[in-house]
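The values are calculated or read from the model by the stated rules, or taken from the named source; none is laboratory data. None of these values were measured; they are calculated from a predicted model. Here the Cβ is made from the backbone with ideal geometry for all residues, glycine too, and neighbour counts use every protein chain on show.
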Amino acid sequence: MGRTTGRDADETRRQIIHAAARLVSRRGSSVSISAIADAAGVSKGGLLYHFASKDELLEAVAAWLFDSFRAAVYDAAEADPEPGRLTRAYVRVSFADGADEAAAREMIAVAAQLMYEPRIQQLADADGARWREDLFGDGLAPEVVRVVLAATDGISAAPLWGTVLSPDDVRLLEEHLLDLAAAPR
């Protein structure tokens, strides 16, 4: 399979990462490079041109998950100048992402599969430490940040186990968390 006309290197890399994420979510991190290449519409050699090893590709998938979420939160916080803006954006983005239960389950499955890779666990730990620094430095009381994050992260994992809260409950919870994370007066 030759190079796909009209697709630049960055787009090809994105396509490979997205294909890898889909397959890892369904088959686990043991999915073959060949299967990922087929799903991405590139040759195995083409995939290996962009990612020298499967480990490098899996790290790129993890980085994409972390970076996409971080970018969405920072974009959502951009128009909010008040203290707590990142925490409120974290809530909004997390709840929006969780609204599509199938997509949320897929991303949770990818993350769960990748956490067994030691280098990716290190990336996750570093990302978590960065979020901790950013969110606890966001201008809200630490006890508020802890409660808001625990509830938000909990609702993000709900699609794994079956959603207990009704859509109205989820909407009300989001409103309550945003109220808790309101800028101090």
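Quick notes on this one:
- Any chance LEU135 is in a helix (DSSP H, G or I), in contact (Cβ under 8 Å) with a residue 12 or more places away in the chain and within 21 Å of ILE108 (Cβ to Cβ): yes
- Residue within region 90-111 that is over 17 Å from the mean Cα position of the chain (by Cα), over 30 Å from LEU48 (Cβ atoms) and surrounded by fewer than 17 Cβ atoms within 10 Å (Cβ to Cβ) present: no
- For region 54-89, filtering for residues that are surrounded by 18 or more Cβ atoms within 10 Å (Cβ to Cβ), touching a Gly at 6+ places or on another chain (Cβ under 9 Å) and not hydroxyl-bearing (Ser, Thr, Tyr) leaves 3.
- Odd one out for ALA71 among (1) in the same structural domain as TRP131 (by TED's automatic domain parsing); (2) touching a residue at least 24 places away in the same chain (Cβ under 8 Å): (2)
- Residue in region 29-39 that is within 16 Å of GLN113 (Cα to Cα) and charged (D, E, K, R) present: no
- A residue that is at pLDDT 95 or above, basic (Lys, Arg) and assigned to a helix (DSSP H, G or I) can be found somewhere in region 68-77.
- In this structure, ASP127 does not satisfy being in contact with a Lys or Arg (Cβ under 9 Å, 6 or more places away or on another chain), of a type in the set (D, E, K, R) and outside any helix (DSSP H, G or I).
- Condition broken by LEU140, with the remaining ones in (1) assigned to a helix (DSSP H, G or I); (2) at pLDDT 95 or above satisfied: (1)
- Single unsatisfied condition, ILE33 versus (1) touching a helix residue (DSSP H, G or I) at 6+ places or on another chain (Cβ under 6 Å); (2) buried (at least 20 other Cβ atoms within 10 Å of the Cβ): (2)
- Filter result (under 25 Å from the mean Cα position of the chain (by Cα) and more than 12 Å from ALA20 (Cα to Cα)) within region 43-56: LEU48, HIS50, ALA52, SER53
- Any hit, region 145-162, residues being under 26 Å from ILE16 (Cβ atoms), under 15 Å from the mean Cα position of the chain (by Cα), loosely packed, with under 13 Cβ neighbours inside 10 Å and free of Cβ contacts under 8 Å to residues at least 12 places away in the same chain: no
- Verdict on LEU173 being of a type outside the set (D, E, K, R), part of a helix (DSSP H, G or I) and over 14 Å from the mean Cα position of the chain (by Cα): yes
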